[in-house]
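**Q** First the structure, which I've put down as structure tokens, then a few questions once you've had a look.
None of the figures in this text is laboratory data; all of them are computed from the coordinates on show. From a predicted model like this one, the values you see are computed outputs, not experimental measurements. Using ideal geometry, Cβ is built from the backbone for each residue, glycine included, and neighbour counts are taken over all protein chains shown.
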Amino acid sequence: MGLLSLDIHDFRNIHRASLEFSPGLNLITGENAAGKTSLMEAVYYLGRVRSFRTHHVNQPIREGQSAFRLVGRLQHEQGRMIPIGIERQTGSLQVHLDGAAVRRLSDLAGSFPVQVHSGDTANIISGGPRYRRQTLDWALFHVEHTYRDIWQRYARALRQRNAALRAQAPANQITSWDGELVEAGNEIHAIRLRYIEGLVPRLQQELAHLLPSLDVQLGYQRGWTVERDLAAQLQHSLDSDRSLGNTRSGPHRADFQLIANGQPLQSHCSRGQQKAAIVGFMLAQVKCQQDRAAPLGAFLLDDLGSELDANHQARVLDALRALDMQVFVSAIAETPAALPDWPGMKRFHVEHGEIQEVV
Ligand SMILES: Nc1ncnc2c1ncn2[C@@H]1O[C@H](COP(=O)(O)OP(=O)(O)O)[C@@H](O)[C@H]1O
Ligand SMILES: [Mg+2]
């Protein structure tokens, strides 16, 4: 699986580009503000139909234009090639996959799953719990077929319960949602826990190479006290939920932390170590997908050089090489430190939004 080619029209500072990619490494170089992250963002957009940089849907449209268009060709198993097209106009979005209009974005899931490491991924350490839950949930949507349904069931029950709480409805109207909430909530927790139990050894394997001096653990909180099961906890906190107008217990409040040598990563580690740890976390997620026969389409690493010394850059590149999948790496330097032997790699140079393959 991977992206064979990409045509870009009016995305960020990229006016036009028509690119053929390597199924292995694609190295994107250029100076500051050349358009490297914009190219990464365009690749990511084909996989997720959103940006990793902004929630403002129109922001990637090139200034002065009214729409951007991305057209890609995906390589699927058995050698089949699948075209995908996305057009975003101010106020509308059209997505085509394999010649047919896509009505629900969830129908796209699995066609080109991408994972990114960019400046924003530092949110795994420094952002709010919502970001970390989304990171877990995105992976689970891909590896667990039932997860999306369970998650939607839970979200619906939670919305209804919260609406009843806000409306100061009688207690029995509020608790009438508890059965559904508890059933779906326990399933969500069980699936997450199983995933994390598989993720932790993968994380430790990755970090044994990237950060050999640190013992990294992952601390997971399920979203309610360990003292009670979820049903009892919902009962227990009914009064405080009513006064707050919000359900404060359940897997929608889950969180996790990366812990290095017994300390929170952000207080114990340098910026470079934090970046390496986050890359390791994302690589571990990719390995878990591969273990579960739900491989990713591409892994994107934006700005290899930022925060990382030559030694750590080389380690990260080695780890990416070992994934044996399509990878996009952007860097300011023409040749990053110690590029591993990577057959079929391609280089692209970006200057003022113009992208040239370097041959
Ligand atoms: N919607 C847009 N239209 C035109 N230019 C944009 C848009 N959004 C961002 N830019 C500009 O695109 C340039 C390239 O940005 P970026 O891809 O982040 O560069 P790099 O990652 O190479 O440093 C920047 O100068 C930025 O201001
Ligand atoms: Mg950039």
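**Q** Name the pairs: first residue in region 96-121 and closer than 16 Å to residue 294 by Cβ, second residue in a loop (DSSP other than H, G, I, E, B) and more than 16 Å from ligand 1 (Cβ to nearest atom), Cβ to Cβ under 6 Å, at least 6 apart or on different chains?
**A** Partner pairs satisfying both residue conditions: 108/102; 112/297; 113/296; 113/297; 114/297; 115/296.
For (1) among the hydroxyl-bearing types (Ser, Thr, Tyr); (2) surrounded by 16 or more Cβ atoms within 10 Å (Cβ to Cβ); (3) under 22 Å from residue 105 (Cβ atoms); (4) away from ligand 2 (no atom under 16 Å from the Cβ), each residue gets a yes or a no:
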| site | (1), (2), (3), (4) |
| --- | --- |
| 33 | no, no, no, no |
| 36 | no, yes, no, no |
| 43 | no, yes, yes, no |
| 52 | no, yes, yes, no |
| 64 | no, no, no, yes |
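**Q** Can you name the residue in region 40-87 that is within 10 Å of ligand 1 (Cβ to nearest atom) and touching a strand residue (DSSP E or B) at 6+ places or on another chain (Cβ under 6 Å) and, of all such residues, is farthest from residue 121 (Cα to Cα)?
**A** 65
**Q** Picking from 62, 88, which residue would you name as being in contact (Cβ under 8 Å) with a residue 40 or more places away in the chain and more than 20 Å from the chain's Cα centre (by Cα)?
**A** 62 is the lone residue from the list that is in contact (Cβ under 8 Å) with a residue 40 or more places away in the chain and more than 20 Å from the chain's Cα centre (by Cα).
**Q** Here's a follow-up. State whether one or more residues within region 311-330 are among the acidic types (Asp, Glu), closer than 30 Å to residue 177 by Cα and surrounded by fewer than 22 Cβ atoms within 10 Å (Cβ to Cβ).
**A** no
**Q** Working only within region 174-209, note down all residues that are among the small types (Gly, Ala, Ser) and touching a residue at least 24 places away in the same chain (Cβ under 8 Å).
**A** Matches in region 174-209: 184, 185, 198.
**Q** Starting from region 28-41, keep only residues that are hydroxyl-bearing (Ser, Thr, Tyr), then list their pairs with residues that are assigned to a helix (DSSP H, G or I) and within 9 Å of ligand 2 (Cβ to nearest atom) whose Cβ atoms are within a distance under 9 Å, requiring at least 6 positions of separation or different chains.
**A** Going by the 9 Å Cβ cut-off, the qualifying pairs are 29/36; 37/119.
**Q** Somewhere in region 210-231, is a residue closer than 30 Å to residue 312 by Cα, free of Cβ contacts under 8 Å to residues at least 12 places away in the same chain, under 30 Å from the mean Cα position of the chain (by Cα) and outside any loop (DSSP other than H, G, I, E, B)?
**A** Checking region 210-231: not a single residue is closer than 30 Å to residue 312 by Cα, free of Cβ contacts under 8 Å to residues at least 12 places away in the same chain, under 30 Å from the mean Cα position of the chain (by Cα) and outside any loop (DSSP other than H, G, I, E, B).
**Q** Could you tell me whether any residue of region 326-333 is away from ligand 2 (no atom under 16 Å from the Cβ) and more than 30 Å from residue 155 (Cα to Cα)?
**A** Yes; the residues of region 326-333 include at least one that is away from ligand 2 (no atom under 16 Å from the Cβ) and more than 30 Å from residue 155 (Cα to Cα).
**Q** Checking residue 206 against (1) out of contact with any strand residue (DSSP E or B) (no Cβ under 6 Å at 6 or more places or on another chain); (2) surrounded by fewer than 16 Cβ atoms within 10 Å (Cβ to Cβ); (3) over 20 Å from residue 150 (Cβ atoms), which single condition isn't satisfied?
**A** (2) is the only condition that residue 206 fails.
**Q** With the requirement that a residue be of a type outside the set (Phe, Trp, Tyr), touching a Leu at 6+ places or on another chain (Cβ under 9 Å) and over 25 Å from residue 256 (Cα atoms), what does region 106-128 give you? Steps first, answer last, please.
**A** Taking region 106-128 and keeping what is of a type outside the set (Phe, Trp, Tyr), we get 106-111, 113-128.
Cutting the leftovers down to touching a Leu at 6+ places or on another chain (Cβ under 9 Å) gives us 107-108, 111, 113-118, 124-125.
Listed by number, the residues that qualify are 107, 108, 111.
**Q** Tell me which residues, restricted to region 148-173, are free of Cβ contacts under 8 Å to residues at least 24 places away in the same chain and of a type in the set (S, T, N, Q).
**A** Scanning region 148-173 gives 152, 160, 172, 173.
**Q** Counting only residues that are hydrophobic (A, V, I, L, M, F, W, C) and farther than 25 Å from residue 101 by Cα, which one in region 111-138 is farthest from ligand 1 (Cβ to nearest atom)?
**A** Looking only at region 111-138, we keep the residues that are hydrophobic (A, V, I, L, M, F, W, C), and these are 112, 114, 116, 122, 124-125, 136, 138.
Subsequent filtering for residues that are farther than 25 Å from residue 101 by Cα retains 116, 122, 124-125, 136.
Values: 116: 13, 122: 16, 124: 21, 125: 22, 136: 28 Å.
It comes out as 136.
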